[in-house]
1. Residue by residue through region 157-162, what is 3J(HN,Hα) from phi via Karplus (6.51 cos²θ - 1.76 cosθ + 1.60, θ = phi - 60°)? Round to whole Hz and write x for glycine and proline.
2. List the residues, sorted by chain then number, that are 5 or more residues from L163 or on another chain and whose placed amide H is less than 5 Å from its amide H.
3. Let me have the relative contact order for region 94-150, percent, based on Cα pairs under 8 Å that are six or more residues apart.
4. Amide H of T106 versus every other amide H placed in the peptide plane: which residues, excluding those fewer than 5 positions away on the same chain, fall under 5 Å?
5. Could you order T95, T106, T114 so the one with the most accessible surface comes first? Probe is 1.4 Å.
6. List the chymotrypsin sites (Phe, Trp or Tyr not before Pro) within region 80-128 that DSSP assigns to loop and that have no more than 15 neighbouring Cβ atoms inside 10 Å.
7. Sort the following peptides by mean Cβ neighbour count (other Cβ atoms within 10 Å, averaged over residues), highest first: 121-130, 180-189.
8. First check a/c for region 125-176, with a ≥ b ≥ c the square roots of the eigenvalues of its C-alpha gyration tensor; if it is under 1.5, answer rounded, and if not, answer prolate when a/b is larger than b/c or oblate otherwise.
Amino acid sequence: MIHGYHVIMPMYGFWLPNDPRGSWSDFVRRWEIAKFGTSTKTLERRSLSELSSEELETRDAAKRALQYDPVSVTGQQAVSIAKGFATQISKSNYTVWACSILPEHTHLVIARHTYKVEQMVNLLKGAATRQIAEDQLHPFQEITPEGDRLPRMWAAHEWKQYLDSEQAIEQAIEYVVQNPIKEDIHAQQWSFVTPFAGLNTAGWTTYH
């Protein structure tokens, strides 16, 4: 029984579909980066330290070929993203057990909902994008002519892990909570996060 999800939402340019570390995509859609290889979709992940010098060079060349610079959000932008998340979480009645908004990707541990996890993620991305644009903090604001649509700041896809036990949920929460610290960023506390209080083992739990 699935009770929740650990979701990773990469920013634009952080994890390409043909990344030698492995990717979540099964197709390279943009010709600018297709010349650097086919999709590397796999459930396994390699760290940068495991890549050869040739693989690192190819990865860097693919990033340079992107239409826009890869997105890396600041602390102020992270707060704006969190405001957007909070709006959507309240509107759709999500239960979020952990959240870390890092410069190049965001981690969430989120409870099962009547919406599919992909729909939940898309709504969160949309709310965050609207908020950051309203706050005039969008990463591509300075390069976009007034009146034109802002380029997408999120990657098209997300990575997700299905959580089917208290232990799996608790491990995912611990991982997400510790992630900023591993990147030398202060631990994060967001008002929309609900402390995990365990599962109701009596049957199918309705979180919303």
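1. Ordered by residue, 3J(HN,Hα) equals 10, 10, 9, 9, 10, 8 Hz.
2. Distant-sequence amide H within range of L163: H3, G4, Y5, H6.
3. 19
4. Answer set, sorted by chain and number: M9, M11.
5. T114, T95, T106
6. Answer in residue order: Y115.
7. Highest-to-lowest ranking by the protection proxy: 121-130, 180-189.
8. prolate
The values are calculated or read from the model by the stated rules, or taken from the named source; none is laboratory data. What you see is a predicted model, and the numbers here were worked out from it, not measured in a lab. Please note: Cβ atoms are built from the backbone with ideal geometry, for glycine as well, and neighbour counts cover all protein chains shown. Ligands, DNA and RNA are stripped out before the accessible areas are found, and what is left, the full protein with its side chains, is counted by its heavy atoms. Shrake-Rupley method; radii C 1.70, N 1.55, O 1.52, S 1.80 Å.
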